Amino acid sequence: MRKFNIRKVLDGLTAGSSSASQQQQQQQHPPGNREPEIQETLQSEHFQLCKTVRHGFPYQPSALAFDPVQKILAVGTQTGALRLFGRPGVECYCQHDSGAAVIQLQFLINEGALVSALADDTLHLWNLRQKRPAILHSLKFCRERVTFCHLPFQSKWLYVGTERGNIHIVNVESFTLSGYVIMWNKAIELSSKSHPGPVVHISDNPMDEGKLLIGFESGTVVLWDLKSKKADYRYTYDEAIHSVAWHHEGKQFICSHSDGTLTIWNVRSPAKPVQTITPHGKQLKDGKKPEPCKPILKVEFKTTRSGEPFIILSGGLSYDTVGRRPCLTVMHGKSTAVLEMDYSIVDFLTLCETPYPNDFQEPYAVVVLLEKDLVLIDLAQNGYPIFENPYPLSIHESPVTCCEYFADCPVDLIPALYSVGARQKRQGYSKKEWPINGGNWGLGAQSYSEIIITGHADGSIKFWDASAITLQVLYKLKTSKVFEKSRNKDEKPNTDIVDEDPYAIQIISWCPESRMLCIAGVSAHVIIYRFSKQEVITEVIPMLEVRLLYEISDVETPEGEQAPPLPTPVGSANPQPIPPQSHPSTSSSSSDGLRDNVPCLKVKSSPLKQSPGYQTELVIQLVWVGGEPPQQITSLAVNSSYGLVVFGNCNGIAMVDYLQKAVLLNLGTIELYGSNDPYRREPRSPRKSRQPSGAGLCDISEGAVVPEDRCKSPTSGSSSPHNSDDEQKMNNFIEKAKMSRKLSLPTDLKPDLDIKDNSFSRSRSSSVTSIDKESREAISALHFCETFTRKTDSAPSPCLWVGTTLGTVLVIALNLPPGGEQRLLQPVIVSPSGTILRLKGAILRMAFLDSTGCLVPPAHEPWKEHNVPEEKDEKEKVKKRRPVSVSPSSSQEISENQYAVICSEKQAKVISLPTQNCAYKQNITETSFVLRGDIVSLSNSICLACFCANGHIMTFSLPSLRPLLDVYYLPLTNMRIARTFCFTNNGQALYLVSPTEIQRLTYSQETCENLQEMLGELFTPVETPEAPNRGFFKGLFGGGAQSLDREELFGESSSGKASRSLAQHIPGPGGIEGVKGAASGVVGELARARLALDERGQKLSDLEERTAAMLSSADSFSKHAHEMMLKYKDKKWYQF
């Protein structure tokens, strides 16, 4: 007997039916009978993809450097990124191709160049004289590991210390190795039996360039004489060394050690340190050594003309300070200040007035690079206040959970947000200007305003001004203020869906014109906000509770298969005004003791003071039903003209009239279909376990692995058990990405989740899975508009278009009462229209075009201050006014047709209205799925922009859906990118590239061409300050700074060539040709020519001085010889 494979039969049936429907569709619209042709202006040459700027704090920082003349700060990261900061608004991001961690950075001070040392033992020379810095040379060490680098001021010879304890010397101009090497065994004493460890410090004596101080990890320090090639002094201490710093006079240096001590040494007294300090050690009474402390990771020794020197150090706290925050200690004379930091210290630098190491340093600030922040401390003011940071480094203050991007906003929006945000500024900052102020701004070619909104895990929302490739925070809103917080730490809030971050923002819906804001949070709550410039005190926060659950009788057979009970409707299409709940929400338990009618969060019952800015209009919460927690909200829309907000999840949809504070619609998804349901559904009973959480919103750490069972998408089918590992991994990733977009919680699930309850992939057959999937059809897209709701309509009317995860689009008709007072008295009538459209894959985005192909925006009210009583005349006007759509179509004949543009995970369709014929169709992707689709305007036209899970960015013309751009942009899309990617008008897009950084990009050819002009200049020609005056007596008796002819010592003529196998030179892509291409126009050429002349002049004057010196020495030698000859002329040989 032949076996039938039931799955193949089912698949065949579905394939047959879909192909049949496609044929039917093609028959409906034969190619000859197309829609009237609309002239489309966008062509593929209008599109080009490139990254523009990266904002935010450098993720996982590892190195820090500062150019004291150019006033530029550089930060390197563990992923090989380089961020350069000048004056506020001048920022630059570069990336090392290898992705290896940056271990050290060294500026060629005032030369417009930077050397980076990487963990893969490569050195790179960056040219900063172009707007997009590029690597000029690289050097790869083959046999030794690089541990420390030092480049003396105004020298071209870079000292490179290695793990073996040797020091090599690199010529920074040619990036070649000198033959001069300091071997570890020559540096340490011959009697020493052990290896001194890696080189942890190199620096030259500030007063004598010929003496090099070398610190080895084991605790040995050597003063090496470069000319005689031997050690002058050796200093030993029995604790490991972390860092070394000179006093500017070159007679003393200070070391920091692993036991929390500092040792100060006189150069000429190597026997023992002059002084040993334990800054944080408890001094014991009987003269014993203080208790050991944690290592002092870095110390700096800076002098001032008028007072005591500063000793600044990180680390060194005593071991009993458990839980104490990381500290920076500033010792100045007898005072010691301990400055607590919010995160651990990666590195710090003291900013000084002079670049010369042999002059009084005059420190004025300390820049501290923390794990997640950059802090600048003012040393000149009492109490060491910090400077207010002007860079946009606080994106990640609380982890970002969602973001939206709006280009071409109303011009008054940014000033309005700025004015309310200015009042939120903290006090107590330093009075001085931000001292990192190098570089010059670019020429802003963009005239339109851009706003980025970020939603965060703690429930806060930040508005950012993103105009002309800069970023500045405008205003911060805390949505958690409307909820009661638990008083003591043990008492957990009543947040049963989420263990942490119960206020995390999931969806933001914002109308820039009316300034209405609506958010959906992770605890199944929705808050509607109005913008006001007046402060108000809200006595009672208006709130509604909604029972949105697809209720069914709980029948489950022992085999795990579901019996098909009938759904019982929870809501009806008629409006059901619910009086706002009295605040102490009573938890009515059902008969079997299950939680019922309880929201996840408790709204505050006390009066709420609301500052100018966004003020709560209404709080809506979904409640528990029969022991089942509310499902998370998957889509949200607000319309200021209609006064409505609508949201949906995998159970159904709810619509609320926020003016009358009434629930208008509360339907299960299946009830939306009425009798037109295309699926034969067998709904299963509510799950008993806690809700599956998807990948966490906040677990955005790189490479976080989420068990695939946790992330079944509402749209996904089962994965067959025969999948190969690779297919399984890809499927898991796709599941996660879809889940992240629709149903994601900010925290991982507790391990006690009953896994079999939400994963059907192994135990059940695919037919059961598909039934389960269909019964949990979620609302994935919502769009208010004024269009044709039915085929028979002769004029457009207000309606709501609803898209689901199964690719269905349903239309709900809205019957609005007239404006003015009537709007508050008469109910809004809401009724499903019966119109159903179908696409492949979950619906993502909908929009409407008029008959000329122009976008019809949803109707909106212009913003007005609602906290001010209106005049009578104004009221009359309002009464007469009816909400109308502000769109090109309103001026044309009403009978003209429209087009609906619908984008799903798999395809896009343009549907002609009111006929509902499919005018155009485009299958966007077969093997992957679309993560984000947006209908955007560009170059006075519109297009559909899509970002796929396989990393492709695509654009399509409208209405004909011609492909215009398809670029493979990202090799792998992770969860964070999937959740935060968004397109906006004028060819702009962004996503969260790391937990702390926003990457902006453009897909517009015009913006790509103008980008070079818009970027800031990092390097600006600045005179190097004059060298310190040696003074008359120092010149007479010696004791001033001793110079050294390094060229003579390290050059090929005296030291020979280095071994070829030691390091390999790699020419960089940013050679002189790259410079010519990148530097903008004639100015760059002139600056370079001038610089070359300056350098040539410098070399000529050096040569002249040397020639003069040689002449005078030859002259004195001939005089001396002549005197000797005269003295001994008449003497016999035996008289000598």
**Request:** List, in the order given, every pair from Lys425/Lys462; Lys186/Lys227; Lys131/Lys431; Lys156/Lys229 whose Cα-Cα distance in the structure shown is over 22 Å.
**Result:** Lys131/Lys431
**Gain in span if fully extended, Tyr319 to Lys282, counting 0.36 nm per residue against the direct Cα distance** = 12.2 nm
**Complete:** So for R0 = 41 Å, FRET eff. of Glu865-Asp793 from the Cβ-Cβ r, to 0.05, ends up at 0.65
**Request:** In nm, give the distance between the simple-model label positions of Val181 and Gln424, each being 7 Å from the Cα along the Cα-to-Cβ direction.
**Result:** 5.9 nm
**Prompt:** In what order, largest first, do Arg962, Arg776, Arg145 sit by accessible area if the probe radius is 1.4 Å?
**Reply:** Arg145, Arg962, Arg776
**Asked** In a shell of Cβ-Cβ distance under 14 Å around Glu450, excluding Glu450 itself, what net charge do Lys and Arg (+1) and Asp and Glu (-1) give?
**Response** -2
**Request:** Please arrange Glu535, Glu865 by accessible surface area, largest first, computed with a 1.4 Å probe and ligands excluded.
**Result:** Glu535, Glu865
**Prompt:** For the residue pair Lys289 and Thr1107, what label-to-label distance in nm results when each label sits 7 Å from Cα along the Cα-to-beta-carbon direction?
**Reply:** 6.1 nm
**Prompt:** In nanometres, what is the gap between the two model label sites at Val536 and Ser675, each 7 Å from Cα along Cα-to-Cβ?
**Reply:** 4.6 nm
**Prompt:** Okay, which of the stretch 69-83 sit inside 20 Å, backbone N to the point 7 Å along the Cα-Cβ direction of Ala380?
**Reply:** 69-73
**Message:** Accessible area per residue for the stretch 935-1026 in Å², computed with a 1.4 Å probe and the full protein assembly in place, what is it?
**Reply:** 32 Å²
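The values are calculated or read from the model by the stated rules, or taken from the named source; none is laboratory data. Everything numeric here is computed off the predicted structure, so don't read it as measured data. Note that we place each Cβ from the backbone using ideal geometry, even for glycine, and neighbour counts take in every protein chain shown. The protein model used for the area step is the full one, side chains on, heavy atoms only, and it has no ligands, DNA or RNA in it. Shrake-Rupley method; radii C 1.70, N 1.55, O 1.52, S 1.80 Å.
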